[in-house]
1. Label residue A:146 and residue D:19 with points 7 Å out from Cα along Cα→Cβ: what is the distance between them in nm?
2. I want the local charge near residue B:39. Using Cβ-Cβ distances under 15 Å, sum +1 for each Lys or Arg and -1 for each Asp or Glu among the other residues.
3. Averaging over all projection directions, find the projected area of the Cα convex hull of the range B:1-140 and quote it in nm² with one decimal place.
4. Just want the answer: with Cβ charges of +1 for Lys and Arg and -1 for Asp and Glu, which residue in C:88, C:45, C:112 is farthest toward the dipole's positive end in the range C:23-138?
5. Just give me a number: lysine pairs in the range C:1-81, eight or more positions apart or cross-chain, with C-alpha atoms less than 19 Å apart.
6. Counting Lys and Arg as +1 and Asp and Glu as -1, what is the net charge of the other residues whose Cβ lies under 12 Å from the Cβ of residue D:11?
7. Largest first and in whole Å, what are the equivalent-ellipsoid semi-axes of the range B:35-91 based on the Cα gyration tensor, each being the root of 5 times an eigenvalue?
8. Measure nothing but the geometry: give the 0 to 90° angle between the long axis through the Cα atoms of B:76-87 and the longest principal axis through the Cα atoms of chain B, rounded to 10°.
Number of protein chains: 4
Amino acid sequence: MIVTIFNEYHPNERGGKAAKVYPEGIHTAIKELLSDKFEVYTATQDEAYNGLTDELLDKTDVLIWWSKNWDNEILNSVADKVVSRIQHGMGAIFLHSGKNSKPFLRLMGTSCKTKEVAWGENGEREKLYVVSPTHPIAEGIPNGYLIPGEEPYCEYFDVPKPDETVFLGGFGNGACVRAGMTFTRGTGKIFYFQPGHDTFPTYRDPVIGKILTNAVVWAAPAAVAEDYRHEEKPVKLKQKVKNLFKL
Amino acid sequence: MIVTIFNEYHPNERGGKAAKVYPEGIHTAIKELLSDKFEVYTATQDEAYNGLTDELLDKTDVLIWWSKNWDNEILNSVADKVVSRIQHGMGAIFLHSGKNSKPFLRLMGTSCKTKEVAWGENGEREKLYVVSPTHPIAEGIPNGYLIPGEEPYCEYFDVPKPDETVFLGGFGNGACVRAGMTFTRGTGKIFYFQPGHDTFPTYRDPVIGKILTNAVVWAAPAAVAEDYRHEEKPVKLKQKVKNLFKL
Amino acid sequence: MIVTIFNEYHPNERGGKAAKVYPEGIHTAIKELLSDKFEVYTATQDEAYNGLTDELLDKTDVLIWWSKNWDNEILNSVADKVVSRIQHGMGAIFLHSGKNSKPFLRLMGTSCKTKEVAWGENGEREKLYVVSPTHPIAEGIPNGYLIPGEEPYCEYFDVPKPDETVFLGGFGNGACVRAGMTFTRGTGKIFYFQPGHDTFPTYRDPVIGKILTNAVVWAAPAAVAEDYRHEEKPVKLKQKVKNLFKL
Amino acid sequence: MIVTIFNEYHPNERGGKAAKVYPEGIHTAIKELLSDKFEVYTATQDEAYNGLTDELLDKTDVLIWWSKNWDNEILNSVADKVVSRIQHGMGAIFLHSGKNSKPFLRLMGTSCKTKEVAWGENGEREKLYVVSPTHPIAEGIPNGYLIPGEEPYCEYFDVPKPDETVFLGGFGNGACVRAGMTFTRGTGKIFYFQPGHDTFPTYRDPVIGKILTNAVVWAAPAAVAEDYRHEEKPVKLKQKVKNLFKL
């Protein structure tokens with residue numbers, strides 16, 4: 001199984017508080033959580049094609065996406081390509097503020113906004129409650145698992161009704177949110193997972209690693225018969241975009 | 001529209017802390033919330049047939065059910081009758097610990113248990129978040145509405161996947177629960193609503209009254225064609241049970 | 001309640017077999033089905049802004065959309081505008097091949113393709129089966145209602161899981177399809193309805209009229225609290241597009 | 001993985017047309033479909049405890065249930081026990097008219113009736129369409145698979161909304177039905193599959209065998225944390241029932 005982790009990792013964001021928690025970027029921390037189980041590649045926004053070349057995507061089974069502040073700088077053709085590949089069966093895991101990324105917005109058809117709630121420097125305690133205990137993503141995850149500090153997300157979270165709500169997140173300030181949700185688009189399975197603000201070491205927690213591992217296995221391309229797929233091939237990068245990067 | 005409110009209102013429970021909040025019983029408080037909109041009747045467990053005579057149910061559009069400690073004393077034939085009428089189209093609203101009642105358990109096919117969480121004398125603050133903003137039951141309800149004190153319910157709440165989750169409840173201690181859920185059984189529409197512990201004046205709150213009013217309107221029997229219904233008539237009380245009460 | 005019916009009604013399509021069934025266009029037939037219940041406007045693709053001016057959309061509660069062969073000629077800004085208004089609460093009913101329109105594709109995030117099945121000049125008999133008998137759109141509709149001739153659609157129909165499947169369509173050749181489905185995007189309620197090929201008089205049938213009437217009432221903007229909505233205003237036409245049409 | 005197949009196989013039914021298709025009973029045919037993948041046991045209604053002893057159920061991962069005409073003769077305590085074990089995590093596959101069995105009715109809380117439609121000696125052609133192509137139960141199953149002859153089931157099929165509809169069945173006479181549906185009750189995963197009338201050799205078809213194999217793997221008990229389960233142990237047979245059988 002091949003996993004590709006995209007992190008915007010914008011040069012402007014490489015200092016500051018996040019750098020203390022993830023000095024080599026969130027993608028590196030997530031890679032550490034997964035690399036004993038899967039073959040893992042990473043991509044960042046400042047690379048050619050935002051790091052998501054056809055060659056890399058051709059071999060990717062599941063794409064993990066973390067982004068926050070620079071979503072507008074993702075190339076439209078890269079966003080289209082990612083959307084198309086997901087619709088054709090590539091698994092996808094969108095993390096935290098990755099809900100605001102171009103691919104996620106295009107797959108959902110909604111604003112993907114959440115209610116803003118006040119929170120402090122240390123975040124809020126979050127407990128993850130399981131509402132689909134038999135879902136493969138919840139396998140082995142204790143109910144009410146405590147994340148000591150996180151950015152609280154709060155309903156109303158403007159997404160289409162999910163196929164399944166796997167986790168609810170309950171925060172110390174009474175905020176709550178559907179924190180783990182699955183969606184299907186075409187033959188692509190999508191998991192959205194809310195925890196993961198870049199100033200908290202959530203992606204160094206092995207229980208979170210177990211959730212992501214479960215999610216990768218669940219999201220892997222299904223063995224669907226050919227006739228459920230689009231007849232068209234997935235969209236590839238247009239030549240003019242290739243020219244832009246002189247590739 | 002005719003609404004019947006069932007409250008166990010067991011003689012053993014008529015004193016104590018609950019009596020300070022609802023001296024005439026929860027059914028009377030709920031009746032006050034609804035009686036300017038609907039024709040409202042009440043029934044209590046110590047009445048003949050637990051108050052739910054065929055005559056009363058024959059004219060009932062929506063049944064509201066509150067119970068807590070005496071579920072085992074509900075007559076099996078009354079429970080069967082209530083289940084059957086719901087399956088034939090009578091609307092139903094189950095409140096709070098009414099989730100443990102015989103009719104609700106038989107309609108759900110699960111244990112309907114929730115995770116136990118610690119709470120104190122004053123309860124916990126609960127905020128009601130709307131996750132289906134266009135649902136008729138959420139009409140006009142502000143998002144994040146605060147109930148000052150309630151018994152915290154917490155996931156995992158063992159019910160079948162609901163048709164729709166209308167509200168989440170987030171508590172001050174980080175507990176959270178699907179606090180408003182809809183189900184359909186046969187042609188009967190069912191709303192479960194979690195707030196309503198008998199030592200808090202939740203049923204004196206006009207916003208809660210608005211939710212219940214919306215729920216009654218939503219749950220009212222739909223104008224379904226005859227051929228979607230069971231061919232059998234709804235179950236009526238067996239003669240031997242009638243004899244028991246000499247009616 | 002104000003309803004706007006969009007029909008592509010391309011000049012190239014105004015002759016031929018469809019013209020025998022709907023000499024004044026499908027929009028005119030649908031208008032006749034609805035105009036005793038609602039205030040109804042129509043729009044066609046060859047009008048300025050594809051007929052969907054801000055002035056018209058500002059007052060529209062529910063938009064009905066029929067299109068087939070000229071989806072690519074819909075202005076992108078009109079498609080964006082329609083999507084945005086639906087996300088902000090305008091109801092929408094997409095009919096038949098309107099599933100391939102730009103707004104529907106953007107709202108769904110999938111290909112919206114169906115399996116191709118062979119059919120003849122006279123179409124196939126379609127029976128509409130109700131799978132959500134208590135849904136307001138099914139109110140008063142007999143189960144198994146026969147449409148004498150229609151274009152058979154067949155699964156797999158590549159849409160996200162609907163909020164509710166209201167109707168299944170079963171065809172004389174054994175094809176079947178989820179023929180009536182609801183979706184929510186933001187605060188906009190969407191109904192997709194499969195029958196309505198332009199060479200069959202389906203939109204002259206009062207039972208179909210009853211379904212559309214029910215769907216308009218159901219899809220009407222809900223009284224949602226302000227805080228569930230996007231903070232941004234719905235997208236309006238850009239000035240450069242206005243200039244294009246010299247308006 | 002251990003699979004137990006229950007078949008009512010009532011002595012009164014062992015002759016006739018079904019006996020020509022399944023001379024050793026449907027359970028034997030299904031066992032042949034599965035026995036190279038799983039350890040398979042069978043149980044029939046005329047055995048002590050209807051064949052479903054605690055010893056057998058203790059080791060059963062997934063129970064397959066076929067029944068038709070003798071549902072009332074299933075012991076209530078056996079039905080209770082089966083329900084309880086499913087709620088505690090045992091997988092279950094209910095086939096065809098097994099929808100009318102006591103355990104299925106108690107798990108669903110509805111009548112589980114379907115619309116009656118006319119059909120002849122040779123049944124109707126049924127095509128199985130996949131509406132959840134990425135579901136594990138659909139893995140490798142061609143879309144529109146043809147079963148040459150089956151008893152047509154038709155909507156409205158009075159079950160609660162399923163977690164997922166995997167297959168639709170479209171019949172040559174235009175009838176259609178949700179032919180493959182999943183449900184969860186407690187931590188038990190349930191698959192209902194409509195094909196399988198006892199006068200057609202459906203359970204000799206390797207594609208049907210593949211669906212059942214997929215379903216067994218899918219329904220196998222999930223590795224859920226202890227705290228999602230009931231605190232009570234699953235119900236076991238009461239001593240008085242044991243006494244009845246002198247065990």
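Rule-based calculations on the coordinates, nothing more; no lab input. All values derive from a computational prediction rather than experimental measurement. With ideal geometry, Cβ positions are generated from the backbone for all residues, glycine too; neighbour counts draw on all protein chains shown.
1. Those two pseudo-labels are separated by 6.8 nm.
2. That sum, taken over residues with Cβ under 15 Å, equals -2.
3. Projected over every direction and averaged, the Cα hull of the range B:1-140 covers 10.0 nm².
4. It is C:112, whose Cα lies furthest towards the positive end.
5. 7
6. -4
7. Result for the range B:35-91: semi-axes of 18, 14, 11 Å.
8. Taking the Cα atoms of chain B, the angle to B:76-87 is about 80 degrees.
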